[in-house]
Amino acid sequence: MSKWAVKDMSSGGAFIHNLFLGKIAACIEHSRYTPYHFPHHTAVYGVSNILGGDNRFYNNIFIRDPSDEETTGLSNFWDGAVLMDGVPGWATFMQSPVGISQYDEYPAPDDPPPENPFAPNKLPVYCANNVYFNDAKPYVKEKDAKVCTDSYISVELVDIDSGSFRIKIDNIDMLNNNCKCITTEILGKSYHAEMGYEQPDGSPLCFDSDFFGNKRNKVLAGPFEAEENKVLEIIYKR
């Protein structure tokens, strides 16, 4: 329900079967070096600055609020405020609509290698089988994005104190975008740590269940298992 769904000053994230209502802010950081660790351990494996990218977006739903006034321009990473001309900024990003177009300046996995491999180049973005409603914007090089001018999903805050909200999906068929079951093998290894995406105990990931633990009979975009040709309504309380 937040205006900002992800504040990304990192790399190597994996976003699978989410419902995004807010925007993404992505910021690189070349001057600070951050440690990363051995799998499931606190021992330091190495250090790196933040090149940005190396993120995975699979089987997600993005819903743009049509009443949201799209803001453009160089903005402050922390609060989203547009910076005035001539005012220097430390952590900044260029605003974009809801969706993955925030990464349009990042390479795709099959792009040719950079001319200078030793420069602090941005890392590729991996994405597939995402669904975009109300003209949310996909990554410019996303080949199989499903973009709709309307939305077939309504999200309503029921009670702010308890954090409960209602999600209603009127047309389940619109979530069908040839989605595949995402596994550790599909996610591959992160660039810096050279490690796979896995469970805390080291076992492989397999996203064959929905948000509530229900087995997915057919893999659709978004967090919930649902039957096609039916209306799905969920009231969730934290």
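The values are calculated or read from the model by the stated rules, or taken from the named source; none is laboratory data. What you are looking at is a predicted structure, and each value in this text was computed from that prediction instead of being measured. Note that we place each Cβ from the backbone using ideal geometry, even for glycine, and neighbour counts take in every protein chain shown.
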> Can we say Gly202 is out of contact with any helix residue (DSSP H, G or I) (no Cβ under 9 Å at 6 or more places or on another chain), small (Gly, Ala, Ser) and free of Cβ contacts under 8 Å to residues at least 40 places away in the same chain?
Replying inline: no
> Could you list, in sequence order, the residues of segment 68-116 that are of a type in the set (Phe, Trp, Tyr) and either in a loop (DSSP other than H, G, I, E, B) or at pLDDT 85 or above (or both)?
Replying inline: Phe77, Trp78, Trp90, Tyr103, Tyr106
>> Step by step: first the residues of segment 137-163, then only those that are in contact (Cβ under 8 Å) with a residue 60 or more places away in the chain, among the small types (Gly, Ala, Ser) and loosely packed, with under 14 Cβ neighbours inside 10 Å, then the one that is farthest from Ile234 (Cα to Cα). Which residue is that?
In response: Ser162
> Any idea which residue in segment 38-61 is modelled with the lowest pLDDT, counting only those that are surrounded by 13 or more Cβ atoms within 10 Å (Cβ to Cβ) and in a loop (DSSP other than H, G, I, E, B)?
Replying inline: Leu51
> Taking segment 208-238 only, how many residues are touching a helix residue (DSSP H, G or I) at 6+ places or on another chain (Cβ under 8 Å) and either in a loop (DSSP other than H, G, I, E, B) or at positive phi (or both)?
Replying inline: 9
> Checking Thr184 against (1) modelled with pLDDT under 95; (2) under 29 Å from Val47 (Cα atoms), which test does it fail?
Replying inline: (1)
> What are the pairs, 6+ residues apart or on separate chains, where a residue within segment 21-37 that is under 20 Å from Gln95 (Cα atoms) has its Cβ under 7 Å from a residue that is aromatic (Phe, Trp, Tyr) and not in a strand (DSSP E or B)?
Replying inline: Ala25/Phe77; Ala26/Tyr103; Cys27/Phe77
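On the given criteria, is Phe211 surrounded by 16 or more Cβ atoms within 10 Å (Cβ to Cβ) and either in contact (Cβ under 8 Å) with a residue 40 or more places away in the chain or closer than 27 Å to Tyr103 by Cβ (or both)? So that I can check it myself, show each step before the final result.
Working: surrounded by 16 or more Cβ atoms within 10 Å (Cβ to Cβ): no; either in contact (Cβ under 8 Å) with a residue 40 or more places away in the chain or closer than 27 Å to Tyr103 by Cβ (or both): yes.
Judged against the criteria, Phe211 is not a match.
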> Got at least one residue in segment 142-160 being at pLDDT 95 or above and part of a strand (DSSP E or B)?
Replying inline: yes
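Examine segment 184-191 for a residue that is loosely packed, with under 12 Cβ neighbours inside 10 Å and assigned to a loop (DSSP other than H, G, I, E, B), and state whether such a residue exists. If you could, list the steps in order and put the result at the bottom.
Kept after step one, since they are loosely packed, with under 12 Cβ neighbours inside 10 Å, are these residues of segment 184-191: 185.
Among the residues that remain, those that are also assigned to a loop (DSSP other than H, G, I, E, B) are: none.
No, because not a single residue in segment 184-191 is loosely packed, with under 12 Cβ neighbours inside 10 Å and assigned to a loop (DSSP other than H, G, I, E, B).
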> Which residue, of Asp201, Asp173, Asp208, is at pLDDT 95 or above and over 27 Å from Ala25 (Cα atoms)?
Replying inline: Asp208
